[in-house]
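Taking it in order: structure first as structure tokens, then the write-up.
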Amino acid sequence: MKSIKIIFTILVALFSIQNGIAQNGKKNEKAVIKTTIHCDHCQACETCGQLFDSEMLKIKGLKMYQLDDKNMTITVHYNGQKTDLNAIKLAISKLGYDADEMKADVVAYENLDGCCKK
């Protein structure tokens, strides 16, 4: 009987921790991500810009983003209950761009237009 109480207590504790983690994010979060942009027209580039825009908008929970090519930053507004900052950075990396400490995916970087690379 004592072991059942211990198991029950552990399960309740684990459920509480998991529930707390899942609801940790806020509905309206904002972050500025440092990136590397090597041209002044990446937003308007017919291939890279359109791909970046369409893929960013596919991220569940991302509400909007602003790419600042002069400061090499991406400001993201997102629902922290649906996604997290790490998932957004990973998506940016998979597009061929650095996202803070996360380096650009090598294959994706190679697929960028020449003007969008170093």
How far apart, in nm, are two points set 7 Å out from the Cα along the Cα-to-Cβ line at ASN71 and at GLU101? 2.2 nm
Estimated distance in nm for a label pair at ALA87 and LYS58, the labels positioned 7 Å out from Cα along Cα-to-Cβ: 1.5 nm
With 23 Å as the limit, write out which pairs from LYS63/LYS94; LYS27/LYS70; LYS34/LYS60; LYS63/LYS117; LYS58/LYS103; LYS30/LYS94 have Cα-Cα distances beyond it, or answer none. LYS27/LYS70; LYS63/LYS117
For the stretch 48-96, what is the relative contact order in percent, using Cα pairs closer than 8 Å and at least 6 residues apart in sequence? 35 percent
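Every number in this text was worked out from the coordinates using simple rules, so none of it is lab data. All figures in this text were calculated on a predicted structure; none of them were measured in a lab. Note: ideal-geometry Cβ built from the backbone for every residue, glycine included; neighbour counts use all protein chains shown.
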